[in-house]
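The values are calculated or read from the model by the stated rules, or taken from the named source; none is laboratory data. These numbers come from a predicted model, not from an experiment. Here the Cβ positions follow ideal geometry from the backbone for every residue, glycine too, while neighbour counts run over all protein chains shown. For the accessible areas, the whole protein counts, side chains as well, though only heavy atoms, and no ligand, DNA or RNA atoms are used. Shrake-Rupley method; radii C 1.70, N 1.55, O 1.52, S 1.80 Å.
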Amino acid sequence: MLKDKLKFFLKKNYPALVRKYRDYSISKSFNHNYWEKKKDSFIGIVNDLKNKPFDETLPKNFNEIKIKHDRATLEINNTCNLDCIMCKTSLSTRKKGKMDSETLNVALERLKEAGVTHVTLHTIGDPLANPRLKEVFIELRKYNIKCSISTNGLLLYKHVDTLKEFLDICPSIRFSIDGVNKETYEKIRAKGKWEDLITNLDLCNNELRTKGLSTDINMTVSKDNFNEIGEFIVFFKKYISYPFMDFSFNFVNSLSPDNTYFNEANTIPEHTHINKMCHLVSGKVPYILIDGKLSVCCRDYSGELIIGDINKSSLNAVRSSKKLKSLQKAHTNGNLENYPLCKTCFIIDDRINIVFSGVLQYLLFMHPDEKAEYFQSKADELIEFLRNKELSTEKFTKLLN
């Protein structure tokens, strides 16, 4: 009887308990002392940027890259309701579809035996475009594997009840949003409708966040939306709980095999580099595709970087495959002729992303109630600073203060 009463109490009060625990944890972790240390670390990264060229930051071999065996990506579908201009998922030549039940179970068995405890459910598809999402959650619960979702959010309304039911499996959602006005949003999120986005975000606020779901919002920063960063922060912070933690800002990279948009929209070409010694080539995060084949990369629109098949081999066996070793050797030698995707893959120096996004988060903690103009002026100062070769720590410290 007492056990049943306790279960009833926990179920009834779950949202409030989750919020209180999260509030307590964040207040203890993300305090002024934490952000003062972060400020010092940003200054250290700026010094590193000034004194150490990008190539010197790369590992000499893939054994230097630590593999976290508890993480993986599970492509439950490679379909998307949009065709965003920085992704261009329409360019994918792999057969479109959903992972079937048999492959899903094999994949989860392989992941469980390899020690994986958390999966992301997307590569070039949006997991909310999968009508069988509930079935996926049921299987994840059986294997005690948690998941996270990154989505454009426009199909959220189809899965509200499922998301409520499986908060233990999927406790958070990341919304990818790249504009704060209709024109910008609909240009970048091709086929998307601004009004539908707001409707779904409001639905999430009213039906899911009240039940304990946590949310964060990512902005892919480009020339198309850089001048909206301040307005973006002020407008969208009502859809997250902790802006200093739940916002992230990352510069556009060459995700799509076609670099046309990346070349046009790249905000910081001074820190753009060919993605050699890519951390994904270590096998760090396995990408299990809808048919059970395993790729090393989310950019694998055509299946060029497949290194094995979990229907035939364990995850650890695939990580030791000749295909992976050959790919790693090509990266180590700098000879990517046989790997067109790798040869045309460009990234922004990760130190730049850490400083840019981190400083905006720092300012959000220190000045949470500032207006859009304040955050925009700081973003403008920051990008101007990062594009300057001087990288004066004195100027940077002044910017932070």
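Shape call for the stretch 144-235 from the C-alpha gyration tensor, a ≥ b ≥ c root eigenvalues: rounded (a/c under 1.5), prolate (a/b greater than b/c) or oblate? Before the final figure, lay out the partial values.
Values: a/c = 2.19, a/b = 1.91, b/c = 1.14.
Prolate is the answer for the stretch 144-235, as a/c is 1.5 or above and a/b outweighs b/c.
Could you please report the charge total around Ile67, scoring K, R as +1 and D, E as -1 over all other residues with beta-carbon less than 15 angstrom from its beta-carbon? Present the calculation step by step, with values, prior to reporting the outcome.
Numbers: positive: Lys66, Lys68, Arg71, Lys284, Arg319, Lys325; negative: Glu64, Asp70.
Result for the neighbourhood of Ile67: +4.
What distance in nm separates the simple spin-label points at Tyr21 and Leu58, each placed 7 Å from Cα in the Cβ direction?
The two pseudo-label positions are separated by 4.3 nm.
Where Rh denotes the Kirkwood radius from the mean inverse Cα pair distance, what is Rg over Rh for the chain?
On the way: Rg = 21.6 Å, Rh = 22.6 Å.
Here the Rg-to-Rh quotient is 0.96.
Using a 1.4 angstrom probe, figure out how much accessible area the stretch 156-248 has per residue, in square angstrom, rounded to the nearest whole. Display every interim value, and only then the final one.
Working: 3580 Å² over 93 residues.
So the stretch 156-248 comes to 39 Å² accessible per residue, rounded to a whole number.
How far apart, in nm, are two points set 7 Å out from the Cα along the Cα-to-Cβ line at Thr199 and at Asn401?
5.1
Can you list the residues, at least 5 places off or on another chain, whose amide H is less than 5 Å from the amide H of Ser150, using H built in the peptide plane?
When sequence neighbours closer than 5 places are left aside, the close amide H contacts are Leu121, Arg174.
Would any residue of the stretch 150-192 have its amide N under 14 Å from a label point 7 Å out along Cα→Cβ of Lys134? List them or say none.
The answer is 158-167, whose backbone nitrogens lie closer than 14 Å to the label point.
Could you list which residues have their amide H under 5 Å from that of Phe251, counting only those 5 or more apart in sequence or on another chain, with H placed in the peptide plane?
Val221
Under 14 Å from the Cβ of Leu203, count the other residues' Cβ atoms, weight Lys and Arg +1, Asp and Glu -1, and hand me the total. Walk me through the numbers before you get to the answer.
Details: positive: Lys158, Lys164, Arg209, Lys211, Lys238; negative: Asp161, Glu195, Asp196, Asp202, Glu207.
Around Leu203, the charge tally is 0.
Multiplying the sequence separation of Lys223 and Asp380 by 0.36 nm and subtracting their Cα-Cα distance, what value in nm do you get? It would help to have the intermediate numbers written out before the result.
On the way: separation 157, 0.36 × 157 = 56.52 nm, distance 1.20 nm.
Residue separation times 0.36 nm, minus the Cα-Cα distance, leaves 55.3 nm.
Step through the residues of the stretch 88-103 one at a time and calculate ³J(HN,Hα) from phi using the Karplus curve (6.51 cos²θ - 1.76 cosθ + 1.60, θ = phi - 60°), rounding each to whole Hz and writing x for Gly and Pro.
6, 4, 5, 7, 5, 9, 5, 4, 7, x, 10, 5, 7, 4, 5, 5
Step through the residues of the stretch 316-322 one at a time and calculate ³J(HN,Hα) from phi using the Karplus curve (6.51 cos²θ - 1.76 cosθ + 1.60, θ = phi - 60°), rounding each to whole Hz and writing x for Gly and Pro.
Rounded to whole hertz, the list is 5, 5, 5, 5, 9, 5, 5.
Only bridges with both residues in the chain count here: give the DSSP antiparallel percent, nearest 5.
Details: 9 of 30 bridges.
Taking every DSSP beta bridge within the chain, about 30 percent pair in antiparallel fashion.
Show which aspartates and glutamates lie in cross-link reach of Lys323 when reach means a straight Cα distance below 19 angstrom and same-chain residues fewer than eight apart are skipped.
By straight Cα distance, Lys323 reaches Asp291, Asp300, Glu304, Asp309, Glu337.
Using θ = phi - 60° and the Karplus curve 6.51 cos²θ - 1.76 cosθ + 1.60, what whole-Hz ³J(HN,Hα) does each residue of the stretch 260-275 get, with Gly and Pro shown as x?
Once θ is set to phi - 60°, the couplings for the stretch 260-275 become 4, 5, 4, 5, 6, 9, 4, 7, 9, x, 4, 10, 9, 9, 5, 7 Hz.
Between His118 and Lys191, what is 0.36 nm times their sequence separation minus the Cα-Cα distance? Round to one decimal in nm.
On the way: separation 73, 0.36 × 73 = 26.28 nm, distance 3.09 nm.
The His118-Lys191 span can extend by a further 23.2 nm.
Do any GluC sites (Glu not before Pro) in the stretch 86-162 lie in a DSSP loop with no more than 15 other beta carbon atoms within 10 Å, and if so, which? Please list the in-between numbers first.
Details: sites: Glu102, Glu109, Glu113, Glu135, Glu139; in loops: none.
Passing both the DSSP loop test and the Cβ count: no residue.
State, to one decimal in nm, how far the label point of Ala372 lies from the label point of Lys329, with both points 7 Å from Cα in the Cβ direction.
It works out to 5.5 nm between the two label points.
Can you tell me the accessible area per residue over the stretch 51-114, all protein chains present, probe 1.4 angstrom, in square angstrom?
Numbers: 3510 Å² over 64 residues.
Normalised by residue count, the accessible surface of the stretch 51-114 is 55 Å².
Given springs between every Cα pair under 10 Å in a Gaussian network model of the chain, which of Gly230, Gly115, Gly192 has the largest fluctuation?
Maximum among the listed residues: Gly115.
Please state the shape class of the stretch 292-331: rounded when a/c is under 1.5, otherwise prolate if a/b exceeds b/c and oblate if not, all from the C-alpha gyration tensor. Write down the numbers at each step before the final one.
Values: a/c = 2.41, a/b = 1.12, b/c = 2.14.
Oblate, since a/c reaches 1.5 and b/c is not below a/b.
As a check on your grasp of the helix formula, calculate [θ] at 222 nm for the chain: sum -39500 (n - 2.57) over DSSP H runs of n ≥ 4, divide by the residue count, round to the nearest 500. Could you put the intermediate results ahead of the total?
Details: 17 runs with 178 residues, N = 401.
-13000 deg cm²/dmol, from helical runs alone.
When the accessible area of the chain is split by element with a 1.4 Å probe, what percent falls to carbon and sulfur?
On the way: 9900 of 19200 Å².
In the chain, the share of accessible area belonging to carbon and sulfur is 52 percent.
Mind checking which lysines have their C-alpha under 27 Å from Lys322, skipping anything on the same chain fewer than 8 residues away?
Lys60, Lys66, Lys68, Lys95, Lys112, Lys276, Lys284, Lys293, Lys312, Lys343
How much net charge surrounds Phe137 when only other residues with a Cβ under 13 Å from its Cβ are counted (Lys, Arg +1; Asp, Glu -1)? It would help to have the intermediate numbers written out before the result.
Values: positive: Arg132, Lys134, Arg141, Lys142, Lys146, Lys164; negative: Glu135, Glu139, Asp161, Glu165, Asp168.
That sum, taken over residues with Cβ under 13 Å, equals +1.
From the cross-link list Lys88/Lys142; Lys96/Lys164; Lys39/Lys389; Lys28/Lys50; Lys52/Lys378; Lys28/Lys182, which pairs have alpha carbons spaced over 30 Å apart? Walk me through the intermediate numbers first.
Values: Lys88/Lys142 35 Å; Lys96/Lys164 28 Å; Lys39/Lys389 21 Å; Lys28/Lys50 34 Å; Lys52/Lys378 25 Å; Lys28/Lys182 38 Å.
Violating the 30 Å Cα-Cα cut-off are Lys88/Lys142; Lys28/Lys50; Lys28/Lys182.
Tell me, in nm to one decimal, what length is gained between Ile354 and Lys389 on full extension, where the rule is 0.36 nm per residue of separation less the Cα-Cα distance?
Working: separation 35, 0.36 × 35 = 12.60 nm, distance 1.76 nm.
Between Ile354 and Lys389, full extension yields an extra 10.8 nm.
So how do Lys284, Lys191 rank on accessible area, 1.4 Å probe, biggest first, that is with the largest at the start? If you can, show how the numbers build up before the last one.
Details: Lys284 60, Lys191 155 Å².
Descending order: Lys191, Lys284.
Under 5 Å between amide hydrogens, which residues at least 5 positions from Asn77 or on another chain qualify, with H placed 1.01 Å from N in the peptide plane?
Met99
Taking the alpha-carbon distance from Lys398 and a cut-off under 19 Å, which aspartates and glutamates remain once sequence neighbours fewer than 8 residues away in the same chain are dropped?
By straight Cα distance, Lys398 reaches Glu36, Asp40, Asp48, Glu370, Glu373, Asp380, Glu381, Glu384, Glu390.
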